[in-house]
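Step one of this worksheet: look at the structure below.
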Amino acid sequence: MNDTTAAGSLPPTIARVLSRFRAMAREEKMQALVHYSKKLEPLPDRFRDLERSSFAVPECQTRVDLFPEYHDGKMHFYADLNVKQSPTIAAFLAILFSAINEQPPETTIAIPDDFVQQLMEGIGLSGREVGLSAMVGRIRNYARTARAESPASSGAPQPG
């Protein structure tokens, strides 16, 4: 795992997200979370009938299922959760996905270990940190699996 917090060693899409949120005051971060909570991409129908247990994040207080896709050398992630009950989780995932979707697995693998702390710093959501970090860990594992299986460019989701 990485503990790269220097912006120069991060992929540009991740560095941009972290830089933007570090520059925000608490109130701006809260407004950004409200905005992003409405931007989480809906779960495509092709995932609805899949057995969910291998896509669930049990460490999260909220029921969250994360679905990876790997195609043409790029990752794309989807999440299924109750956005109305968990707007902060939806916002966090929308922000994270904006940095890693349609990027190679290496971008996702390079998410720093302290990504959650950096992004959520100063907004008083430390109770969510374990679940959010577990989601990041699951997403990085999906990317590692995709990279390991790289020659086959299958769009089928692979549980971690």
Of every Cα-Cα pair in the chain, the percentage lying beyond 29 Å is 13 percent
When Met30, Met135 are ranked with the fewest other C-beta atoms within 10 Å first, the list becomes Met30, Met135
Computed about the Cα centre, the charge dipole of the chain from +1 Lys/Arg and -1 Asp/Glu charges at the Cβ has a magnitude in debye, to the nearest 20, of 320 debye
Note: Asn141 to Lys39 extended length (0.36 nm per residue) minus current alpha-carbon separation gives 34.3 nm
Computed from every Cα-Cα pair in the stretch 24-96, P(r) in 10 Å bins starting at 0 and rounded to whole percents is 18, 47, 28, 7, 0
Asserting the computed 222 nm helical MRE of the chain (DSSP H runs at least 4 long, -39500 (n - 2.57) per run, divided by residue count, to nearest 500) equals -13000 deg cm²/dmol
Restricting to lysines and to Cα separations under 16 Å from Lys39, and discarding same-chain partners fewer than 8 apart, the set is Lys29, Lys84
Scoring the stretch 45-94 by relative contact order with C-alpha pairs under 8 Å, at least six apart, yields a percentage of 23 percent
Here the relative contact order (percent) of the chain, from C-alpha pairs under 8 Å and at least 6 apart, is 33 percent
With x for Gly and Pro, the residue-by-residue ³J(HN,Hα) of the stretch 134-141, computed from phi through the Karplus equation 6.51 cos²θ - 1.76 cosθ + 1.60 at θ = phi - 60° and given in whole Hz, is 5, 5, 4, x, 5, 5, 5, 4
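Any read-out appearing in this document is the output of simple, stated calculations on the displayed coordinates, not a laboratory observation. As the structure is a prediction and not an experimental result, all values here were calculated from the model. Note: ideal-geometry Cβ built from the backbone for every residue, glycine included; neighbour counts use all protein chains shown.
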